[in-house]
């Protein structure tokens, strides 16, 4: 740009303006719809009886991919999708929940790996991120950030969603741009996060069209569906009781038959044996079957509900006249989840703190499943059916963990609507493909930082060419589970946690002839297996996979210890906003004291501090003039109430929670004097809540038996939390709880 000429007056001066950034000619709008924990067979167009007519319609007008692969977990797949590189290469080798201190395991996308949004911005695109992020280390999601790893720090112009792996669908922990906000509604008035995210996506696109109709946009809609907690409208849940009453064995058979009829899998595809520890449906009691069917119904209803909202979004694009040249991609981030265990869960929060949930307990709450005070997940048998006809689950590098649905619709460009593409593809291929379609080269630098080369392989040709092989080999690794695909062959091993890596048994499958990994050829083709295993080590070294690390418990526990360090005291002043649980005081399995400085008058009830939600957490509040503390363990409330009404005036209101071997002694304090006490064998052994902390209110799903937000009506000056040094955590149990969150 030629600079302006500056004279003494406007008469002898010449202005100049920078050239506007021009997008490629006929550049499409891009809508990515990313589902969470949805298995290979769960869309109707992939064999499921779950009603997904919107996705099925997009597939009928576009393409389905039967060989699309992810990375077995959510953070890792998102990192690969966003950057066009392998997840270890960009620093997200495992989860955003911890930083292991090794280059491949920082829990945050490296600045050397630009995101798709950062690559599209110089080409004239506006970029909108809606929904789940989960590629920023969670200890960096507090009010001070740093924000360089948040969506607005990675190329997106607007963000509305949540930072963690999961959130309550009726009371989500929402962020707008860089600021936590209170959800615009709740369960009582019909609020659901999927509807809200859809509304926000429509809002962003509508605003964009109004302001800059000739500028292309990227909208990345990452739904909470169908990650636990499985929450959906009750009428949709009940609708699926009849659909799934025959159980997972019959359902697997039916799905495979549909997949064969569709041409999605070869006609000779066989079901592998049931996954380990999954019992035949017929071996369960009638009550168990009724429970398991309802848990599956909540999952199915969540997907059905999401599809109905996607229909609203697609209808909006059509009404706005932009659907013809909008590239829509619908996919899942990994296979169906195994975190529900063999019997599923109605409220997973209790078992994570040692409070068991028996089958009888679950059945007693069967009509609560999918509601606001549940954290439900389905049992292994249904996760296995979701992944039909593949083996194992999310977290694993067998097909059930890494082979996922992908639907692409682009009416202006796709010439063979309804076709299926069968070649191997990988999550890291997505960004190179989009850049290829747009004719945009990946930048050498982003914000002055030299960039790593893209590692994914474009599959742009598949829009026209059904025979477009990938060529390049692709490794897999998660928690020590490993795999490598090359030229239609796959070597894979399941790694039992804590076992020596050299004892892992590698399996070999010819995927081009064995879709479901049923014929292990390791014994008959040892040379091929040796070749692929050797290639895995080459790729592992190149892509920062090493060192292999299966220390779930140690990684989660060390991360918390390293972040909090020696800090044992927190002060929260009036006006403080929401604090994510990963940066909140860690009161698990320890003694601690809370003190709130207040000025109170008659009728000044309300919450002083609350951490958690209806499924687990604690709250200190004033109700009916009495100081009250509630410890909520898996929905069981331990309530302690002061013996007398609080006098008006300035006071320090508090609670001391002391560990007494296997019990907790809870003492209420007013100006340092005990005013009430209780004892319980419940405590936060390994887990508080995945919902964060509030001061002066309880803004989400209520921890105690009051109506949120129950704002404190008096003057709350500050709250202090002081923790003792007697913390004693069961690291394996901590890891189990954290993995269930992913």
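The values are calculated or read from the model by the stated rules, or taken from the named source; none is laboratory data. Keep in mind the model is a prediction, meaning the values are calculated, not measured. All Cβ positions, glycine included, derive from the backbone under ideal geometry; neighbour counts span all protein chains shown.
In segment 554-583, what count of residues is obtained for those that are under 20 Å from residue 594 (Cβ atoms) and either at pLDDT below 75 or in contact with a helix residue (DSSP H, G or I) (Cβ under 8 Å, 6 or more places away or on another chain) (or both)?
Of the residues in that region, 5 qualify.
If I go through segment 244-284 residue by residue, how many of them are outside any helix (DSSP H, G or I), in contact with a helix residue (DSSP H, G or I) (Cβ under 8 Å, 6 or more places away or on another chain) and under 22 Å from residue 65 (Cα atoms)?
6
Would segment 154-164 turn up any residue that is without any contact (Cβ under 8 Å) to a residue 24 or more places away in the chain and under 19 Å from residue 34 (Cα atoms)?
No, segment 154-164 has no match at all.
So, in segment 301-315, how many residues would count as being crowded, with 19+ Cβ neighbours inside 10 Å and within 21 Å of residue 411 (Cα to Cα)?
Residues that pass the stated criteria total 5.
Output the residues belonging to segment 481-521 that are assigned to a loop (DSSP other than H, G, I, E, B) and more than 22 Å from residue 471 (Cα to Cα).
Within segment 481-521, 494, 495, 496, 497, 498, 499, 500, 504, 505, 518, 519, 520 qualify.
Would you mind stating whether residue 113 is under 22 Å from residue 141 (Cβ atoms), in contact with a helix residue (DSSP H, G or I) (Cβ under 7 Å, 6 or more places away or on another chain) and buried (at least 24 other Cβ atoms within 10 Å of the Cβ)?
yes
Go through segment 217-243 and give me each residue that's buried (at least 24 other Cβ atoms within 10 Å of the Cβ) and in a loop (DSSP other than H, G, I, E, B).
223, 224, 225, 226, 227, 228, 229, 230, 231, 232, listed by residue number.
Would you pick out the residues in segment 168-181 that are surrounded by 18 or more Cβ atoms within 10 Å (Cβ to Cβ) and either touching a strand residue (DSSP E or B) at 6+ places or on another chain (Cβ under 8 Å) or not assigned by TED's automatic domain parsing to the domain that holds residue 136 (or both)? Walk me through it before giving the result.
Step one: of segment 168-181, the residues surrounded by 18 or more Cβ atoms within 10 Å (Cβ to Cβ) are 168-175, 180.
Selection gives 168, 171, 172, 173, 174, 175, 180.
Just give me the residues in segment 411-456 being closer than 20 Å to residue 43 by Cβ and surrounded by fewer than 23 Cβ atoms within 10 Å (Cβ to Cβ), in sequence order.
Of everything in segment 411-456, those that are closer than 20 Å to residue 43 by Cβ and surrounded by fewer than 23 Cβ atoms within 10 Å (Cβ to Cβ) turn out to be 411, 414, 416, 417, 418, 419, 420, 421, 422, 423.
Can you say whether residue 672 is closer than 28 Å to residue 350 by Cβ and surrounded by fewer than 21 Cβ atoms within 10 Å (Cβ to Cβ), as far as the supplied structure shows?
No.
Within segment 81-93, can one find any residue that is farther than 23 Å from residue 222 by Cβ and either in contact with a strand residue (DSSP E or B) (Cβ under 8 Å, 6 or more places away or on another chain) or at pLDDT 95 or above (or both)? Spell out how you get there, then give the answer.
Going residue by residue through segment 81-93, those that are farther than 23 Å from residue 222 by Cβ are none.
Scanning segment 81-93, I find no residue that is farther than 23 Å from residue 222 by Cβ and either in contact with a strand residue (DSSP E or B) (Cβ under 8 Å, 6 or more places away or on another chain) or at pLDDT 95 or above (or both), so the answer is no.
Here is a list of conditions, (1) assigned to a loop (DSSP other than H, G, I, E, B); (2) under 19 Å from the mean Cα position of the chain (by Cα); (3) within 18 Å of residue 48 (Cα to Cα), and residue 341 meets all of them except one; can you say which number that is?
All conditions are met except number (3).
Does residue 165 satisfy the condition of being within 30 Å of residue 111 (Cβ to Cβ), at pLDDT below 95 and either in contact with a strand residue (DSSP E or B) (Cβ under 9 Å, 6 or more places away or on another chain) or assigned by TED's automatic domain parsing to the domain that holds residue 368 (or both)? Walk me through it before giving the result.
Numbers: within 30 Å of residue 111 (Cβ to Cβ): yes; at pLDDT below 95: yes; either in contact with a strand residue (DSSP E or B) (Cβ under 9 Å, 6 or more places away or on another chain) or assigned by TED's automatic domain parsing to the domain that holds residue 368 (or both): yes.
It is true that residue 165 is within 30 Å of residue 111 (Cβ to Cβ), at pLDDT below 95 and either in contact with a strand residue (DSSP E or B) (Cβ under 9 Å, 6 or more places away or on another chain) or assigned by TED's automatic domain parsing to the domain that holds residue 368 (or both).
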